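FYI, it's all coordinate maths here, none of it is from the lab. Keep in mind that what you see is a predicted model, and the values were worked out from it rather than measured. Counting neighbours? That spans all protein chains shown, and the Cβs are built from the backbone with ideal geometry, glycine included.
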Amino acid sequence: MNFDFSEDLKLLREQARKFLSEKSSPKSVRKILEGAAPYDAELWRAVAGMGWLGAAVPEAYGGAALGYDGLCVLAEEMGHALAPIPFSSSIYLASEAILAAGSEAQKRAYLPKLVSGERIGTLALAEGAGNPDAVRMQARVANGKLSGTKLPVADGEIADFAVVAADGTGEASLYLVDLGGPGVTRSSLKSLDPTRNQAKLVFRDVPAEPLGPAGQGRDLVRALLDRAAVLIAFEQVGGAQACLEMAKTYATERYAFGRPIGSFQAIKHKLADVYVATELARSNAYYGAWALASGAAELPIAAAAARVSAIDAFHLASKENIQTHGGMGFTWEADCHLYYRRAKLLATMIGTAPYWKDRLICELERRNAP
Amino acid sequence: MDFEDTPEEAAFRAEVRAFLEKNAERKSEAKSFHRGRYIPEHNIPETVRDAKQWQAKKADAGFAGITWPKQWGGRGGTPVQQVIYNQEEQNYVVPRGVFEIGLGMCIPVLMVYGTPEHLQRYVRPAVRGEEIWCQLFSEPSAGSDLAGLRTRAVRDGDDWVVNGQKIWTSGAHFSDYGILVTRTDPDVPKHAGLTFFFVDMKSPGIEVRRIKQISGGSNFNEVFFTDMRVPDSQRLGKIGDGWKVSITTLMTERLAVGDAPGPDFDDIFALARTLELDDGPAVRNPAVREKLADWYVKTQGLKYTKFRTMTALSRGETPGPEASITKLVSASKLQDIASYGIDLLGMAGAVMDPEVAPMQAWFQEALLYAPGLRIAGGSDEILRNIIAERVLGLPADIRVDKDVPFSQLKTGKR
């Protein structure tokens, strides 16, 4: 039994923790929160410079070939540091979609530039309220031209291109669509977490290049989201851990009634529960990492369990972190709300808990079919 | 990252499987509810006899006291081998509930504080199941606050004379020996005045009375001491060091106490899939699905947390107080699953007739014993304190009883 990351990856984790604590400090995250820039372009270039954008991309396409467990380790640190960059959109979604469904030519055209950070991609799936399986696919491709509206699109304002799910032949298909050309109107949406961009994309007869077999869009999206669920779970675990550390520090330093508030059982038990939820989520995420890295058939179950557990842990940790901070936690200047916002943002990205819980049970019913 | 055994671990696992396959009945799907009920209360002599036979068989094959030295009847093996054995044994119907406390807590503390003569005399019979041990710790006025105990031991020549009462002693009614913590000096602060012994449960002056639980069963006892004499040679640790010895015992207890026994995710999932309601199987209901998903992720989270612990063990690291998670999560989860399993049955949920209620009324039975699991072996509240203080490093509670002689502490009416 070796249910842990390798020593090399633990070193990578330390390196990433140190790097991001300097380059994605709360101060720099706040610049994105309060400023006009939709992401931290300098951090993006620095992360690209470390080779981390291609962590799971084969060397043939310019990647670092660290494997998916390497990408999981990085994801945890991105979440811990609240990195205000389109890491999830461009790597877990766009790069992964091309790796999974792209032709050799598409891989050669797109992946090296995604790895270098020169181009940013995203997934355009949602069309208003709804979860992934319930998308009312109004977006249409006819004669190679895409028309329709996608909302919200994570990092839609930043991305150079999008992997778009649209109805092509009566069934959903995936397309690669350049967002810089004519016919694309992008508008920024006010984001629950302003450190992560949300946009509305309107397409009018925009050239769309098929990605993967026609009519396979729903299956491709499902498989893509399973993989992303594991990676996002690591971001959530990293975020939950950061909240626990913040709350613990505050509870030790803050005095009330003549003693540190962390000596009160009301606070102790609250933080013990946060610890338990975070550890359960971490263990579920580890299993997801194993399934992702080894290509196991259990991936859909492992991914859904990792996601449900991580949504729960990050939400609990971020809200109880505010509660532990008391009134101070409710101020704009305390960093608590950065995590509270990110927790909910990640809980909505790729579908919310009720959807993933239902998927989990569906998969278990399938596995244990009578 | 992998779940593979090393070649040595795989060879050991194969050996374990061969032993179990030959000597025990594999659990069948239909009999899953055999798993982990509390020790049967009817026919105790028979249960104890079966458990003793099984323990001797294990010892002969080298699967008892796996991590203990060979000279005392152990295997001289590794903690990972112990975990592997436990994993495999779970799949078989074997007698349980008789030796866990002795082998999980009493003998380990004896091995730390006992003399070579003690070890020579007591370890092998315990490993072989010839002698059963119990733990005489809690008292009516000392549960979570164990150091508040009042059972007095007074020195008299080479002996100590013990008077007082213990409670919640599992298995005292069929035990041969017990580990006992007593107050030997009431005039110093409470943690400083304790002394630890082991006693012969057949000593004159001991009376064991069964406690009837919520569930109607009697797994625990009250134990009364009236002028019971214990030789000083049966003292473990120094006079006044009883608290230190108790803590050693409790730390091993938290490792030994594992998953709450009873219906788990697989069982409520099976129930929800087979139970036909007016609008189809219960599992079709979205509210039921959400609940099931929550329990699944908790169950799996615990499973993989244990895998992480096992990884640490196989690297030679010592798992810390984080092992407290298992009992904290699984006892509450069991209570919730039991309750919801009954809810699924609707109006019929109130019936606990084993002929009528699904799975021989396992959910109903578990509902009634689950409260005990959230209290025994470290209550939920104590476990949260342990996590907060020893894992997270939060400051200790301010104690009003810390520097006050025990005899001057305030006491309540309960």
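The charge dipole of chain B, taken about the Cα centre with unit charges on the Cβ atoms of Lys, Arg (+1) and Asp, Glu (-1), comes to about 640 debye, rounded to the nearest 20. Can you give the charge dipole size of the protein assembly as shown about its Cα centre, rounded to the nearest 20 debye, using +1 on the beta carbon of Lys and Arg and -1 on the beta carbon of Asp and Glu? I would put it at about 1040 debye.
Peptide A:306-315 has a mean shielding of 3, counted as Cβ atoms of other protein chains within 10 Å of each residue's Cβ. Here's how it looks for B:THR184: its modeled amide H is under 5 Å from those of B:ALA153, B:LEU194, B:THR195, which are all 5 or more places away or on a different chain. Taking every residue in B:51-63 and counting other chain Cβ atoms within 10 Å of its Cβ, the average works out to 0. In chain A, taking the dipole from charged Cβ atoms about the Cα centre, the farthest positive-side position among A:VAL274, A:LEU33, A:LEU220 is held by A:LEU33. Once you reduce segment A:169-220 and segment A:238-305 to the center of their Cα atoms, the two points are 35 Å from each other.
If you plug the beta carbon distance of A:MET50 and A:GLN323 into 1/(1 + (r/R0)^6) with R0 = 30 Å, you get a FRET efficiency near 0.25. Relative contact order of chain B, taken over Cα pairs closer than 8 Å and 6 or more residues apart, is 14 percent. Taking label positions 7 Å along the Cα-Cβ direction at both B:LEU409 and B:ILE247, the computed distance is 1.6 nm, reported to one decimal.
Between the beta carbons of B:SER233 and B:ASN23, assuming R0 = 25 Å, the FRET efficiency works out to 0.05 to the nearest 0.05.
Taking a ≥ b ≥ c as the square roots of the eigenvalues of the Cα gyration tensor, segment A:131-171 is classed as oblate, since a/c reaches at least 1.5 and a/b does not exceed b/c.
Taking every residue in A:352-365 and counting other chain Cβ atoms within 10 Å of its Cβ, the average works out to 4.
If I fit a long axis through the Cα atoms of helix A:265-294 and take the longest principal axis of the Cα atoms of chain A, what angle between them do I get, 0 to 90°, rounded to 10? For helix A:265-294, the angle is close to 30 degrees. For chain A, relative contact order (Cα pairs under 8 Å, six or more residues apart, normalised by length) works out to 16 percent. Of the residues B:SER407, B:ALA11, B:GLN53, the one whose Cα sits farthest toward the positive end of the charge dipole of chain B, with +1 on the Cβ of Lys and Arg and -1 on the Cβ of Asp and Glu, is B:SER407.
With a ≥ b ≥ c the root eigenvalues of the C-alpha gyration tensor of segment B:258-378, is it rounded (a/c under 1.5), prolate (a/b larger than b/c) or oblate? It is prolate, given that a/c is not under 1.5 and a/b is the larger ratio. Summary of packing: across the peptides B:86-97, A:187-198, the per-residue average of other C-beta atoms within 10 Å ranks them, highest first, as A:187-198, B:86-97. Plainly put, segment B:117-248 has a radius of gyration that is 0.96 times its Kirkwood radius, both from alpha-carbon atoms, as the Rg/Rh ratio.
Quick check on segment A:1-129: take the gyration tensor over C-alpha atoms, sort the square-rooted eigenvalues as a ≥ b ≥ c, and tell me if it's rounded (a/c under 1.5), prolate or oblate. Verdict is oblate for segment A:1-129. The calculated FRET efficiency for the pair A:ARG222 and A:LEU11, based on their C-beta separation and a Förster distance of 35 Å, comes to about 0.50. How fast does the protein assembly as shown diffuse by Stokes-Einstein, in µm²/s, taking the Kirkwood radius from C-alpha pairs at 20 °C and 1.002 mPa s? After rounding, the answer is 74 µm²/s. Note on B:LYS333: lysines with a C-alpha under 16 Å away, same-chain residues under 8 apart excluded, are B:LYS291, B:LYS298, B:LYS303.
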